[in-house]
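Computed from the coordinates by the stated procedures, all read-outs in this text should not be read as laboratory data. Keep in mind the model is a prediction, meaning the values are calculated, not measured. Glycine also receives a Cβ, built like all others from the backbone with ideal geometry; neighbour counts cover every protein chain displayed.
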């Protein structure tokens, strides 16, 4: 759970040149940021790269911060993840034209359920599940972050968990 | 369903990586240093105490000998305090313009004549007293009438020697001063104080000595000047913070590139397939463009990556410095110009102009020039002030010359297109 005021104060202090606040900002946000990136890229190594870029960008652009720290950082994360994704897609095309590509194995063996969730759920469904179920965010907080209504979050959460349960059931039957 | 949720929570513990150290390294952030040892802190406290005592002694000494005030009013209004050795012991600006006049000159400990000449030269340098009929007023105030007259005539003589006929006399107050039985200097001061504080009556003012009157004048001016000074310094600090942040980002990027190059060098000899190497190059150096089919030697490829980034960092450094320079110059120009024209806008607009685009090639000379010009014009547009338009159109002409020399790809870059839109918007607004 996050302390909204504390984070906001740290962002303002960083904006005013107090670098020591970066620690708090990172601690308060990195899990959320990672989910947002991962929901787009669905690849842990790539998500780690983008996670680094996000905090570099936060540091560089802190003077532009005005309010809603989490939403602001999330929008940076989403943009960078999408840029990364597009860039990689382009590179892949040109790479395949020249050299036979080696298929990448993106599966995360240690976290099979999260891996499954990221594969079968939509981006916002995945984020909602991770934030509401794992990080214990309130639904209205998640709604605010992703510009949804609270009932929309409730519905999507229910729908996503159901989807996940069905898929898990299917996989268990197969094995 | 409960098991499913439990499982998600369990997995999430290893799922989210902690990249704190790498991120801190890349932005150049260091944790706070450990506290000083007792020994060192004792030495520092002792040094600090000695420093404080010395400055207190100096301060007391200056206060005890300070005995005259000189006020100079051009448009900038400043006050000098001089001691019985005719040396300047303190200077204050009595308006925002005065702050700029004093900003880059040091008058402390100078003989009053020398200090006046420095002030006049600085005022001329800043665009004041440019016309033939330019005037300024000088007044001296001392509790001793005789001494006051002596100082007044000396300063008038000094200024007149520099620019004959420039001093506007206070003749209109002579009669009134005689009528009230006070010196001309005090009369002029009372008039200035009453102008600054409309609640003060002449009867009240007459009961005050020159120090008390000067204190009211300064206090009134300071409310405005201090407010401005605080904002001005805060904004300059913000610019310097931004500069330091950019420098740290640069250092961080440099450290990452160096690390990646080291990694590649270490594994190069043991690599079996060049594809693996290309994969790493793509991942580590996304800005670097090359064609894997044209690579015959991987060591050569490494060398070209190294030289690409060397050049990239030199340019980045240039841009960071240029960015600070133009922003400070532009901000100072804006507030100075506004102060001159009585406009109360001293805000600083930070902008997003400083941005290095990831070009798939090394920047050419013309491309670098274009990026610098975009940065400069952007800053001027954002901090628009009277007089900025001329500079903007001058720089834009230069921009048009340089943009003709760059590739079509560069011209079509989002950054360049955005800038052109910003410029068009600026022109439209200017027309309005």
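For the residues B:111, A:78, B:334, what sequence is obtained by ranking on other C-beta atoms within 10 Å, fewest first? All intermediate terms of the calculation are to be shown ahead of the outcome.
Values: B:111 15, A:78 20, B:334 24.
Final ranking by Cβ density, sparse to dense: B:111, A:78, B:334.
Spin-label pair residue B:135-residue B:366: with each label point 7 Å from Cα along the Cα-Cβ axis, the two points sit 5.7 nm from one another. Once the convex hull of all Cα atoms in the range A:107-175 is built, its volume per residue stands at 80 Å³.
Shielding by partners for A:24-33, please: the mean number of other protein chain Cβ atoms within 10 Å of each residue's Cβ.
Working: counts 0, 0, 6, 2, 0, 0, 6, 5, 1, 1.
Partner-chain Cβ atoms within 10 Å, mean over residues of A:24-33: 2.
Shape descriptor for the range B:230-431: Rg over Rh equals 1.08 (Cα atoms; Rh from the Kirkwood inverse mean 1/r). Put simply, the Cα atoms of the protein assembly as shown extend 112, 61, 57 Å along their principal axes, the longest span coming first. Across peptide B:3-15, the mean count of Cβ atoms from other chains lying within 10 Å of each residue's own Cβ comes to 6. Among the residues of B:221-228, the average count of other protein chain beta-carbon atoms within 10 Å of the residue beta-carbon is 0. If I fit a long axis through the Cα atoms of helix B:414-431 and take the longest principal axis of the Cα atoms of chain B, what angle between them do I get, 0 to 90°, rounded to 10? Compared with the principal axis, the helix lies near 30 degrees.
Taking N as the residue count of chain A, its C-alpha radius of gyration divided by 2.2 N^0.38 Å amounts to 1.14.
Across chain B the C-alpha pair distances fall into 10 Å bins from zero in the proportions 4, 14, 18, 17, 16, 14, 9, 5, 3, 1, 0 percent. In a fully extended conformation the segment linking residue B:273 and residue B:398 would gain 40.1 nm over its present Cα-Cα distance, using 0.36 nm per residue.
Consider all pairwise Cα distances in the range B:212-286 and report the whole-number % of them above 22 Å. The partial results should precede the final answer.
Numbers: 1631 of 2775 pairs.
The share of Cα pairs beyond 22 Å in the range B:212-286 comes to 59 percent.
Dividing the convex hull volume of the alpha carbon atoms of the range B:265-327 by its residue count gives 92 Å³ per residue.
Relative to the longest principal axis of the Cα atoms of chain B, the long axis of helix B:365-382 lies at roughly 50 degrees. Cα axis of helix B:145-162 to longest principal axis of chain B: angle in degrees, 0 to 90, nearest 10? On a 0 to 90 degree scale, this one is about 50. Site pair residue B:9 and residue B:144 shows an inter-label distance of 8.6 nm when each label is modelled 7 Å from Cα along Cα→Cβ. Taking the Cα centroid of the range B:77-144 and of the range B:156-233, what is the distance between the two, rounded to the nearest whole Å? About 14 Å separates the Cα centre of the range B:77-144 from the one of the range B:156-233. In the range B:65-225, Rg over Rh equals 0.94, where Rg is the alpha-carbon radius of gyration and Rh the Kirkwood radius from pairwise Cα distances. The label point for residue B:408 and the one for residue A:167, both projected 7 Å from the Cα toward the Cβ, are 4.4 nm apart.
In this calculation the C-beta distance from residue A:90 to residue B:104 is compared with R0 = 35 Å, giving a FRET efficiency of 0.10.
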